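Read the structure below first, then the notes.
Rule-based calculations on the coordinates, nothing more; no lab input. This one's a predicted model, so the numbers in the text were calculated from it and none came from an experiment. Every residue, glycine among them, receives a Cβ derived from its backbone with ideal geometry; neighbour counts consider all protein chains shown.
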Amino acid sequence: MKLDVRSLALVPCAALVALAVASGCASTKVGYSDPLSSKPITTDWEAGDLHQIAERMVDSMLTTPSVVQATAQRAPVLSVGKAKNKTMQHIDTESLTDTIRTRLMRSGKFQFVDRTTDDQVAEEMKFQQESGLVDPQKAVQVGQQSGAEYLLTANLAEIANSDGRTRDVFYKFTMNLKNLRTGLLEWSEEKELRKVSTKKRFGF
Amino acid sequence: MKTRKALVGVFSASGLGLALLVGGGCRTTPTVKAAPAVTVYRADGGTDISHEIAFGNTRLSRDLRITEVRRQTTEHGLLHPSVTAVSMYGGTLNFEYRFGWFDGSGYEIGADTSSWKPVTLQKGEARTFESVAPTTDAKEFRLKIRAR
């Protein structure tokens, strides 16, 4: 058997071409995209879902007659409770309520107390009162904080179905505004989202 | 020698002009642009003209018929517009929309806060798009509609 030297020379060339093609397929393109885009990538919880729901909730709250009446003359104090995540996914619901709180604050119609940082606040106050390093005239006095008049609570639930090719996920986000003095719900709103993905029969 | 001086003068003037242009460009802030006139077909048969709706392409402006533009304000002073549109397209029409907000001087407010919202309409189906301005500074709005 006689080996053709010219054929042998082609082997490394073919290998190089194959390597180039393979590495081309595996290349990753990175870029910035519109953070407020509505284009979904999967049926999982995504940034676009968060923005849609936050806007809908804030719009509803700012136009509900009972809330409009309560905020017409002054900005009532609200506390945001932790949103319950009843889905099977790991979702940062605090991020969702943070977005809602930011939008409500920007409207100038509400004031907020933040109970999530109370431990740090207590530590700082203790330091100011007891360390001896802070001028007593300038130290923050204990017991003068505002109390919340309303509590904002939320739930996120999902119903997911799949038949192999099609995956259908229904999200329902519910928010309630409770008047802490009367115990009455002053406002309640639901927002639903439905996301469907279908696998193609052919192709990758 | 004179020619060289003249050339230097011309280049200096050009450089200054370019610098002014660039400097002027940097000072530009997003302001409300006069959107093309859109006809509003009222339920009573009459028509109005609105400059508050911006379509991403001319096909969408043909497929979506605007039937009502309401410029209302909440009791506590937030702009609360609503726009109703009907799909004239024969099949399923997919698009997305968002509201833009502008203060009294025409400067955009909270450009990065209003997200695009997807909509699907069948032929003859109507939908009302509404939103509330992020602050009481917002005096004008634009409804932006684009294909998705």
Using only Cα atoms and rounding to the nearest 10 degrees, what angle (0 to 90) does helix A:93-107 make with the longest principal axis of chain A? 60
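Taking 8 Å as the Cα distance limit and 6 or more residues as the minimum spacing, I'd like the relative contact order of chain A as a percentage. Mind dumping the intermediate values first?
Working: 253 pairs, mean separation 40.9, N = 204.
In percent, rounded to a whole number, it is 20.
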Using alpha-carbon positions, what is the distance between the centroids of region A:115-169 and region B:29-102, in Å? 40
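Can you tell me the FRET efficiency between A:Val142 and B:Asn57 if r is taken as the Cβ-Cβ distance and R0 is 56 Å, rounded to the nearest 0.05? Can you show the working numbers first?
Values: r = 61 Å, r/R0 = 1.10.
Computed FRET efficiency for A:Val142 and B:Asn57: 0.35.
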Quick one: if the Förster radius is 35 Å, what FRET efficiency do B:Ser105 and A:Asp118 give, using the C-beta to C-beta distance and rounding to 0.05? 0.25
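So for region A:131-204, averaging the separation of alpha carbon pairs under 8 Å that are six or more residues apart and normalising by length, what relative contact order in percent results?
Working: 102 pairs, mean separation 19.3, N = 74.
Contact order relative to length: 26 percent.
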To the nearest 10 degrees, how steep is helix A:5-25 against the longest Cα principal axis of chain A, on a 0 to 90 scale? 20
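How many lysine pairs does region A:138-204 hold where the Cα atoms are under 30 Å apart and the two sit 8 or more places apart or on different chains?
Working: A:Lys172/A:Lys191; A:Lys172/A:Lys195; A:Lys172/A:Lys199; A:Lys172/A:Lys200; A:Lys178/A:Lys191; A:Lys191/A:Lys199; A:Lys191/A:Lys200.
Total qualifying Lys-Lys pairs in region A:138-204 comes to 7.
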Placing +1 at every Lys and Arg Cβ and -1 at every Asp and Glu Cβ, with all other atoms neutral, what dipole size does region B:24-148 have around its Cα centre, in debye to the nearest 20? 480
Suppose R0 equals 22 Å. What FRET efficiency, 1/(1 + (r/R0)^6) with r the Cβ-Cβ distance, do B:Asp48 and B:Thr73 give to the nearest 0.05? 0.70
What fraction, in whole percent, of alpha-carbon pairs in chain A exceed 21 Å separation? 69
If each of A:Lys82 and A:Leu185 carries a label point 7 Å out from its Cα toward its Cβ, how far apart are those two points in nm? 2.2
Specify the residue with the greatest mean-square fluctuation among A:Leu133, A:Leu104, A:Leu78, computed from a Gaussian network of chain A linking alpha-carbon atoms under 10 Å apart. A:Leu133
Between A:Thr42 and B:Thr120, what is the label-to-label distance in nm when each label sits 7 Å out along the Cα-to-Cβ direction? 2.1
Most fluctuating residue of A:Pro35, A:Pro76, A:Pro136 in a GNM of chain A with Cα springs under 10 Å: which is it? A:Pro136
